[in-house]
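Q: One structure coming up, written as C-alpha cells, with questions to follow.
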Amino acid sequence: MKSLSAIIPLLILTAFLPLTVRAEVKVIEAESTYVMGENDNKTDTRRIATQEARWKVLNLAGAYVENLIAVKNSGLANDMAKACVVDMLETEAVSEQMRGTTDRPEICIKARCRIDTDVLMARIDHYQENEDLQEQIAAFSRETNVCRQEREALVRQLAEQKDWSKAEETRKKLDAVLSKEESYTDTISICVRLGNYLDEEDNSGHDVKPADLDSSAVILERAVTVDPRNQRAHCLLALIYQKQGNQGAAENELRTAIRNNTSSPAPHLRLGILLRGLARYPEAEKEFHFVERVRPHNLPVVFYSGMTFKDMDKCGKAVQNLNRFLKDKRVDAYPRKKQMAIAAIEECGGDRPGRQKRINTAVR
C-alpha cells in the first residue's frame, strides 16, 4: 500500500536584513516523496509528487506572508493574504530523485519559490484596492483547494483497489484532476510573468515580446480546455488577445467566462472595458451597470461608467460619476485614471472636487 511521506520544509533565506533596511529576498523550498504502489505508474507518481511539493511550498509561503503582513500592520485579512500567495507566486520543480527499493520505489521532488518582499507587498497593496482581483483570487484559491482534496482522495482510493478495471477507472479520474491542477499552475505562471504588462495601470512590461504572448496564449488555451470554469485563465487569455489586436477572440473568452459564472463581476468589467474600446458604448454601460449592482464600491467601474457617459455625450452623468471617483480615498491607487477623470470633467465643463473651494478662497 502506498503512502505519502512526511514533507521536509527547507527554508533558505538570502539577504537576511530587516525590512526597514532593504528588501528581503526569501527562497522557500519543500520536498515531497511519494512511494509507488502496485497501481501507480512513474508518470503519475511524478505528477503527484510535484503537485504536493508545490502545495507545501505555497503553504510555507502563506505562513511567511501572514507574518510579514502582521509586521507591516496591513489591513488585509490573513486568509486573503494566503490566497494572494497562490495567485502571485510562481513555483518550479528544481530536482527529482528516485529512492527506495526495487519493490517499493520512491520519487522525490523538490519545489521552490522566491519572494521579493518589495514586489510582494506592492502587489498585495494593489489587490487590497481591487475588488475584482480579490474576487478572482478567492475563487481561484477555493478551486485549488478542492483539486488537492480530490487528488488526495483518489490517491487513497487507488492504493486500496485490487480490481484492475476499477483501478484503471480511478487512474483516469486522477489524471483529469492532475491536469486541472497543472492548468492552475500554468495560469499562475502566466499571471506572475505577464501580470504587470497586462495591467492597464502599469506599463512596466512594455518589452514583452510577441512570441511570449503567443506562447502564453497557447498555455492558457490549454488551461481553459482542461477546466472551462477557470475564470482567471479566461480573463488573462482575453487580455492577451486584446494586446494582440484580436478583439473578437477576447470578447468570446469573456463571454464564455460569464456563461460559466454569471454572477461574477470580473469578466463583466473586463467585457465592458473591451466594448468601450470598440465604441459599443450602450453595451459597455450595460456591463458596468451589472458590476455596480453587485459591487457598489468598485472604484474602477465608477471611473469607466463616467468615461462611457462622456463618450455618449451625457456630460451630466459623466461628471457625477467621475467626481465620485475622484472623491474616493482610494483614487491615488489609480494615477492614470485620476488624470483622465480630471481632464474629462474639464472637457465637460464641470467642476472637480476641491476646485470650486480653491476658487472661492482666491476671491476672498
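Q: Going by the conditions given, is LYS317 out of contact with any Cys (no Cβ under 7 Å at 6 or more places or on another chain), within 18 Å of GLU346 (Cβ to Cβ) and not small (Gly, Ala, Ser)?
A: yes
Q: Could you check how many residues of region 326-354 are at pLDDT below 85 and more than 22 Å from the chain's Cα centre (by Cα)?
A: 5
Q: Determine whether PRO300 is modelled with pLDDT under 95 and outside any helix (DSSP H, G or I).
A: So PRO300 fails the test.
Q: In addition: Considering region 153-175 alone, what residues qualify as being within 27 Å of the chain's Cα centre (by Cα) and in contact (Cβ under 8 Å) with a residue 40 or more places away in the chain?
A: Result: LEU174, ASP175.
Q: Could you tell me whether region 138-161 includes any residue that is surrounded by fewer than 16 Cβ atoms within 10 Å (Cβ to Cβ) and not in a helix (DSSP H, G or I)?
A: Looking through region 138-161, none of the residues is surrounded by fewer than 16 Cβ atoms within 10 Å (Cβ to Cβ) and not in a helix (DSSP H, G or I).
Q: Here's a follow-up. Go through region 228-259 and give me each residue that's crowded, with 21+ Cβ neighbours inside 10 Å and closer than 19 Å to VAL177 by Cβ.
A: Those that are crowded, with 21+ Cβ neighbours inside 10 Å and closer than 19 Å to VAL177 by Cβ: ASN230, GLN231, ARG232, ALA233.
Q: How many residues are of a type in the set (Lys, Arg) and part of a loop (DSSP other than H, G, I, E, B) when one looks only at region 212-246?
A: Qualifying residue count for the region: 1.
The values are calculated or read from the model by the stated rules, or taken from the named source; none is laboratory data. What you see is a predicted model; the values in this text were computed from it and never measured. Note: ideal-geometry Cβ built from the backbone for every residue, glycine included; neighbour counts use all protein chains shown.
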